[in-house]
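Just so you know, all these numbers are worked out from the coordinates, no wet-lab data involved. Only a predicted model underlies this, so the values are computations on that prediction, with no experimental measurement involved. Backbone-built Cβ (ideal geometry, glycine too); neighbour counts: all protein chains shown.
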Amino acid sequence: MTDQPIETRPKRTPGPDQIVTWTHRLQYIAFRFFKALVWLSPLWLMRALGSVFGWCYWAFDKRHRQVALINFDLVFGQAKPEDEKQQEVKKAFIHFGQALMETLWFQRLNTKNHMKYVVIEGMNGFYEALEHGKGLLLCSAHYGNWELLANTLGLLKIPLSVMARPIDNPLVHVEVEKLRTQSGNRVIYKHKSARKVIGDLKENRVVGVVNDQDVHDQNRIFCDFFGHQATATPLPATLAYKFGTPLICGFSEPIGKGRYLLRFSPLIWPDPTSPQEQEIQRITLQLNRELEQQIQKSPTYWLWMHKRFKTTPEGPNPIYQQTRKVE
């Protein structure tokens, strides 16, 4: 069977309007089958399967294991011995597999049962910000189970819009969007986000952004992250400064048996009397510091496989081209 387009429309940005191919259809069938299997299975079984998947990912994907170890070196230096770094990386891969399975399983949660799986700290910031009337910017990371964090807020009737990248498979894209919005949340896709983000803030909604990865956008800035100048998006800080919108950081940390602690920081308020560029740097640095504290507390649950320090002010970081010992 050849992978020929079923439709003749010109190719578009990933999402529901993209060309549908036979490969997309086969992937979609596999996704639907797997989703049904997850929904029919108990959580403990899905976590066990996730552990196996994560272990296989760690064992057979040497390239991403090496990236994770290099990131550990950059973050912790000599503060952690080599054997501990190797074990932490292994646990991070296993957690990633578990979180992947949990994300699908947790879609069955509703307003009656979701509190069995979460403990929440720091919700008052949401109510204070929404009473202020200028929306709220929720800054999170690829840490713990970030999809569960968003779904829980929706079930708590927090008016949340989440920024996301479209799924490359247009059929799976539609299914994933259904999962992300069934708790009442909206999705804003990054390739056409600016106007919608501003509109939602003016509606006094919470806009969630995951801002912990290397940034390729020409408007990126550089900011200290674990002692290294790393790229960052200025978007949250710029919106906060321009519209007087407060920010809050939120992370989900596993606490055992498929349960998570959802912890939210105190509100971060922009200073309208400070010069814009200076204030954007200050806010972005504060967001980085919140994530640093969370990673230092429990490093296992961050997505270490991403080349977070790929770009430096001088250009591409050559460290990822080096060979790192893996065990």
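Could you list MET163, MET115 so that the one with the fewest beta carbons within 10 Å of its beta carbon is first and the one with the most is last? Present the calculation step by step, with values, prior to reporting the outcome.
Details: MET163 18, MET115 13.
Fewest to most other Cβ atoms nearby, the residues stand as MET115, MET163.
Rounded to the nearest 0.05, what FRET efficiency do GLU277 and ALA30 give with R0 = 51 Å and r taken as the Cβ-Cβ distance? Could you check?
Numbers: r = 48 Å, r/R0 = 0.94.
The value I calculate is 0.60.
Please report how far the C-alpha centroid of region 211-274 lies from that of region 167-194, rounded to the nearest whole angstrom.
22
Tell me, CYS56, CYS249, CYS139, CYS223 in order of fewest to most beta-carbon neighbours within 10 Å? Don't jump to the answer; show the numbers that get you there.
Values: CYS56 13, CYS249 25, CYS139 29, CYS223 22.
Sorted ascending by nearby Cβ count, the order is CYS56, CYS223, CYS249, CYS139.
Take every Cα pair under 8 Å in the chain that's 6+ residues apart, average their separations, divide by the length, and report that relative contact order as a whole percent. Intermediate results must be reported in sequence, preceding the final value.
Working: 541 pairs, mean separation 76.3, N = 327.
Relative contact order, the chain: 23 percent.
Would you please give the residues with an amide H less than 5 Å from that of LEU261, counting only those at least 5 places away or on a separate chain, with H modeled from the backbone geometry?
Those qualifying (amide H under 5 Å, at least 5 residues apart or on another chain) are VAL119, GLU253, ILE255.
Can you pull the Rg over Rh of region 247-294, Cα-only, Kirkwood?
That ratio equals 1.14.
Rounded if a/c is under 1.5, else prolate if a/b is larger than b/c, else oblate: which is region 101-207, with a ≥ b ≥ c the root eigenvalues of its Cα gyration tensor? Spell out each step's value before the answer.
Working: a/c = 1.91, a/b = 1.06, b/c = 1.80.
In terms of gyration-tensor shape, oblate.
How many Å³ per residue does the convex hull of the Cα positions in the chain occupy? Display every interim value, and only then the final one.
Values: hull volume 51.2 nm³, N = 327.
Value for the chain: 156 Å³ per residue.
So, in Å, what gap is there between the alpha-carbon centers of region 287-305 and region 23-74?
Centre-to-centre distance over Cα atoms comes out at 21 Å.
Calculate the dipole size of the chain relative to its Cα centre from +1 charges on Lys and Arg beta carbons and -1 charges on Asp and Glu beta carbons; express the result in debye to the nearest 20. Write down the numbers at each step before the final one.
On the way: 42 positive and 31 negative charges, 189 e Å.
Using only the charged Cβ atoms, the result is roughly 900 debye.
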